[in-house]
1. For the range 125-171 and the range 177-204, write down the distance between their C-alpha centroids in whole Å.
2. Restricting things to Cα coordinates, could you compute the convex hull volume per residue of the chain in Å³?
3. For residue 444 and residue 212, compute 0.36 nm times the residue count separating them, minus their Cα-Cα distance, and round to one decimal in nm.
4. Could you list, in their original order, any pairs among 192/502; 368/521; 142/502; 350/383 whose Cα atoms are separated by more than 22 Å?
5. Say the dipole of the range 418-530 comes from +1 at the beta carbon of Lys and Arg and -1 at that of Asp and Glu; which of 519, 452, 438 then lies farthest toward its positive end?
6. Compute the FRET efficiency between residue 262 and residue 149 as 1/(1 + (r/R0)^6), taking r as their Cβ-Cβ distance and R0 = 25 Å, and round to the nearest 0.05.
7. Output the peptides 484-490, 392-398, 257-263 sorted from most to least packed, where packing is the average of other Cβ atoms within 10 Å over each peptide's residues.
8. Can you compute the modelled spin-label distance between residue 427 and residue 485, with each label point 7 Å from Cα toward Cβ, in nm?
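Any read-out appearing in this document is the output of simple, stated calculations on the displayed coordinates, not a laboratory observation. In this text, all values refer to a predicted model and were calculated from it rather than measured experimentally. Note that we place each Cβ from the backbone using ideal geometry, even for glycine, and neighbour counts take in every protein chain shown.
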Amino acid sequence: MAEEEYIQQLRSKATELFLREEWKDSIDAYSNLISHCTHHQQQLSLHHPDHLQKLHKSLCIALCNRAEARSRLRDFHCALQDCDRALQIDASHFKTLLCKGKILLCLNRYSMALECFKAALLDSQAAGNSETLIGYVDKCKKFEFLARTGSLDLSDWVSNGFHGKPPELAEYIGAVEIRKSDISGRGLFATKNIDAGSLILVTRAIVMERSILAGKDLSEDAQLAMWKNFIQKVSEFARKCYKTRDLIGMLSIGEDEEELEIPDIDLFRPENVGNVDSCEMIDMEKLLAILDVNSLTEDAVSANVLRKNNDSYGVGLWLLPSFINHSCCPNSRRLHVGDYLIVHASKDLKAGEEITFAYLDPLSPLSKRREMSMTWGIQCKCKRCRFENEVFAKQEIKEIEIGLERGMDVGGVVYKLEEHMKRLKVRGKEKAYLRASFWSAYCEAYRSDRSMKRWGRRIPAMDAVVDSVVDVVGGDHRLLKIRVEELKKNGGGGSGLVGMEKALKLARDVYGKVVKKQAMKTLVEFCIGD
C-alpha cells in the first residue's frame, strides 16, 4: 500500500506539471512515475488482478501524457515510442490514438495519422470530440491527396489579400531524382517532362529562423544572433530526430563533391521512417559547414514570399532543395508560404534535365555575377557564362559597360549593344544572354519617355526583349512587372487582352500554377505594387 500511495503522489505531481505546461519537468516526473509503475507491476501477484488493471491504466495514461509533453518539445521520435508502448497496454486508448495521430500529422505521415484518427472515432469518448476528430480525418484525407497529386491551390488565400494565417500545406515530391551533376557534385533532375509553372516540390523547413528588420538591412549583431539561434535549433532538432539527423548528414559541406553518395529520393519522403538504429551524431564543425552551404534565405533572387512582411528576414534549412544547383540560366523558382517552400518550374523542363536555381542575380552583367559568386564560393561554367566570358573581353562591350557605369543615356546604351550584336552576328539565345546582362539599361530605357522618344524606333520593342530574356532566365517578377506596366500604359482593347494573357502566362512562370486565373491577377497587382 505504501508503494501505491507513493505512485499516487508521483501521478499528482506529474499531472500538475503537465497542466502548467512545464513540459521538461513533467517529462522527468512522468519518467519517474513510469519507472515505478513498471517495477511495481512486476511485483504484483496474479492474485491481485484489480490492482494490476489499475496499474496498467495509470501506466498507459502516464505514457500518453509523456508523449504529449515530448511532442510539444518536438521530440517526435521518443513521443511515438511512448504512444506505441501505451497502445500495447490498451490498443484502443482514445487519448493515445489522438496524440499519436497528431504527432504523425506533424511528421507529414498522413495515411498513418488517418488510421489513428479513424480508430479513435470508434471509441465511446469520441462522442464529445467528434467534430475535432472529423476535422483531423478530413485534413489527413486532403493532405494525403495533395501529397500524392501535387494539386495545390492557394487561390482563396491570395484573392483575400493573404488575410489570416497561411494555408496548411502538404509535403509533395514530384517527378524528380538525385543524380550526379555536371554542374557540381549532386543535383536534382526531372524524371519526366515538366511544363513551366508546374509543381516540383513542396517541403517544410527543418528549422526556420526570422528576425525583424530595424532598418533596410539586418545589423551585424542581429545577423550573428539570428545565425546562432538558427544553428542551435537545427542542432537540437537533429539530436532528437534520427531521420532528420541522417538526412542532414547527407548534405554537402562544399568539399569533395565528386565523392559524395547519391541518396535515393525515397529517403526524403515523409512516410519513410529512416534508420531506427542510427546513433551517429553530426559534429558541430560539420553541421556548421552544412548550414553554411545549404541554408536558404527568403530574399533570394529566385524566390517570392507570399504574404511577405517587409519588416522581417528569414533563413531556413530545407532538405531536397539543398540539392538544387546554381545556373545563370535557371529553370525553377521558389515560393515561401510560412515555413513551407514551394519549388516550381519557371521554364519547360525535359526528362533528364537538371533543375537549377539562380543563386546570383541572372539580370546582372558577368562582372557583377562573378563578384557575387565569391560570396557563394561557386564558379559558374554554364553556357551563358562561357559565351559572355569571350564577348565581355571585346573592347566594344567594355566601352558599352563603362558608358553605362558613367551615366551614358540608357537608350544609347541599348542601341549600341543591339548594333554591336548585329555586327557580330549574335543571334538567338546568345543575344538573349547579353540582353539579360544589360537588363537594367533596357528596363530604364523602356520606362523613360525621354529615351523612348529619342531611341524608340531604333531599339527593339519591349515585348520582344522580354520574351527573349524569359527564354534565358525563365520567369522573373521584374520582367513581369515591366510587361504589366507597359500593358497599363497602352490601355485595354484587343491588344490589351492579348497582352494580359501573355502577362498571366509569365506570371505562372514566376508564381507557378498554384492559383487560378482571377487570383493570379491579384498576384500580378501585388507584383506591380512592390
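1. One Cα centre to the other: 27 Å.
2. Values: hull volume 95.4 nm³, N = 530.
So the per-residue hull volume is 180 Å³.
3. Numbers: separation 232, 0.36 × 232 = 83.52 nm, distance 3.19 nm.
Gain on stretching residue 444 to residue 212: 80.3 nm.
4. Values: 192/502 26 Å; 368/521 33 Å; 142/502 33 Å; 350/383 18 Å.
Among 192/502; 368/521; 142/502; 350/383, the Cα-Cα distance tops 22 Å for 192/502; 368/521; 142/502.
5. Looking along the dipole axis, the top candidate is 452.
6. Numbers: r = 27 Å, r/R0 = 1.08.
Given R0 = 25 Å and the Cβ-Cβ separation, E is 0.40.
7. Working: 484-490: 15.4, 392-398: 13.6, 257-263: 12.0.
Final packing ranking: 484-490, 392-398, 257-263.
8. 3.2
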